[in-house]
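The values are calculated or read from the model by the stated rules, or taken from the named source; none is laboratory data. None of the values given here were measured: they were computed from a predicted structure. For neighbour counting, all protein chains shown are included, and Cβ atoms are generated from backbone atoms with ideal geometry for every residue, glycine included. For accessibility, only protein heavy atoms count, side chains too; no ligands or nucleic acids. Shrake-Rupley method; radii C 1.70, N 1.55, O 1.52, S 1.80 Å.
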Amino acid sequence: MNVVVNDINLCLPTGSSLQQALEARDIKPQGIATAINGTVIPAAKRESTILNEGDRIVIIKAFYGG
């Protein structure tokens with residue numbers, strides 16, 4: 001199945017979770033916000049959120065500075 005993570009195509013096995021997509025891209029789960037097709041997915045639901053063909057995942061990393 002193909003999904004898009006921050007404008008980069010990613011091929012995953014059918015039935016993969018959002019957490020598995022993060023792991024496939026070597027993205028650490030701490031300090032990030034995630035959304036699928038514009039809907040925010042809380043960290044506690046990443047493992048249970050199953051992706052669908054063509055889903056668009058946005059990952060935003062928190063940072064400090066000014």
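Note that the chain presents 67 Å² accessible area per residue, ligands and nucleic acids not counted, probe 1.4 Å.
Note on Asn37 and Arg56: the extension gain reaches 6.3 nm, defined as 0.36 nm multiplied by sequence separation minus the Cα-Cα distance. With the full set of protein chains in place, find how many percent of the accessible area of the chain is carbon and sulfur; take the probe as 1.4 Å. Carbon and sulfur: 56 percent of the exposed surface of the chain.
Could you work out the relative contact order of the chain, using alpha carbon pairs under 8 angstrom and six or more residues apart, expressed as a whole percent?
44 percent
Relative to the Cα centre, the charge distribution of the chain, modelled as +1 at Lys and Arg Cβ and -1 at Asp and Glu Cβ, gives a dipole magnitude of about 200 debye.
Restricting attention to the chain, close to 85% of DSSP beta bridges with both partner residues there are antiparallel.
When a/c reaches 1.5 or more, the comparison of a/b and b/c decides; with that in mind, is region 1-61 rounded, prolate or oblate per its Cα gyration tensor? Cα axes put region 1-61 in the rounded bin. Rounded to whole numbers, the Karplus 3J(HN,Hα) couplings from phi for region 29-46 are x, 7, x, 10, 10, 10, 9, 10, 6, x, 9, 5, 10, x, 3, 5, 10, 4 Hz, using 6.51 cos²θ - 1.76 cosθ + 1.60 with θ = phi - 60°, and x at Gly and Pro.
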